[in-house]
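For reference, the structure discussed in these notes is given below.
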Amino acid sequence: MYRIAVTNRHLCEGDFLERIRQIAQGEYNAILLREKDLSHEEYEELAKKVLKITNLAGKKCILHRDYKAALSLFHPFVHMPLSVMAQMSQKERENLRKSVKEMSTSIHSLEQLKEAEAYSMDFVIAGHIFATDCKKDLPPRGLSFLENICDNSAVPVYAIGGMTKEREPEVMRKGASGICIMSGCMRE
């Protein structure tokens, strides 16, 4: 089972960096540092602290959206929203692809899956599968959506949205390579 913890420090009960330490020492394989409200400078400073923790624990940390921070820190794992990729020039996308070891994105449709594959993503995060407080106003896409994405994907698919360890087996049966948990890992 491959589990990615997705951060949101606003959901974190207690000290955020202490929670990162606990996650890094636990059963998660990777941490996706998804703090979208920070400036580049703030994000890079936080990333330095989180990377120190994840490196000590031997866990993968994926930097979200701020590819300039990833490049500045010589960090090989980056998660890029499709909207950001679309705004970049072809040259910028090629340079980023050459500079990182692994690049991922989030998708919400088959069309976005094909776009992700065109950008040479190494894996995708598909969602949201189940109802979640993070997307209260949007109905979940469901397990049939996930199965359709997995059946049509040339890259590994990780499910997000209302994920729990209890739901993991049914998600894996639909073809997912793993799950991403945000609320659960921030509030444990």
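Could you do me a favour and compute the accessible area per residue for segment 5-49, 1.4 Å probe, result in Å²?
The answer is 50 Å² per residue.
Cα extents of the chain along the three principal axes, largest first, in whole Å?
Each principal axis gives a Cα extent; for the chain these are 42, 40, 31 Å.
Cα-Cα over 22 Å: which of Lys91/Lys114; Lys68/Lys98; Lys114/Lys136?
Over 22 Å apart, Cα to Cα: Lys114/Lys136.
Report the antiparallel proportion of the DSSP beta bridges in the chain as a percent, rounded to a multiple of 5.
0
Counting other C-beta atoms within 10 Å, and keeping those with at most 16, which DSSP coil trypsin sites (Lys or Arg not before Pro) do you find in segment 5-76?
Those satisfying the criteria are Lys36.
State the percentage of accessible surface on the chain attributable to carbon and sulfur atoms; use a 1.4 Å probe and exclude ligands, DNA and RNA.
Accessible surface attributable to carbon and sulfur in the chain totals 48 percent.
What number in nm² do you get for segment 98-173 if you take the convex hull of its Cα atoms and divide its surface by four?
Working: hull surface 22.4 nm².
Average projection, Cα convex hull of segment 98-173: 5.6 nm².
Compute the label zone of Glu166 within segment 173-188: residues whose backbone N is under 17 Å from the point 7 Å along Cα-to-Cβ.
181-185, 187-188
Counting other Cβ atoms within 10 Å, keep those with at most 15, restrict to DSSP loop, and tell me which trypsin sites (Lys or Arg not before Pro) in segment 89-150 are left.
Counting only loop positions with at most 15 other Cβ atoms within 10 Å, the trypsin sites (Lys or Arg not before Pro) in segment 89-150 are Lys101, Lys136.
What ³J(HN,Hα) values, in whole Hz, does the Karplus curve 6.51 cos²θ - 1.76 cosθ + 1.60 give for segment 74-91 when θ = phi - 60°, with x put for Gly and Pro?
6, 9, x, 10, 9, 10, 10, x, 4, 5, 6, 4, 5, 7, 7, 6, 4, 5
Suppose all protein chains stay in the model; what accessible area per residue would a 1.4 Å probe give for segment 112-188, in Å²?
Accessible area per residue, segment 112-188: 47 Å².
Subtract the Cα-Cα distance of Leu138 and Glu115 from 0.36 nm times their separation in residues, and report this length gain in nm to one decimal. Could the numbers behind the result be given before it?
Values: separation 23, 0.36 × 23 = 8.28 nm, distance 2.24 nm.
Extending this stretch completely gives an extra 6.0 nm.
The values are calculated or read from the model by the stated rules, or taken from the named source; none is laboratory data. Being a predicted model, the structure only gives us computed values, none of them experimental. FYI the Cβ positions are ideal-geometry reconstructions off the backbone, even for glycines, and counts take in every protein chain you see. These area figures cover heavy atoms from the full protein model, side chains too; ligands, DNA and RNA do not enter into them. Shrake-Rupley method; radii C 1.70, N 1.55, O 1.52, S 1.80 Å.
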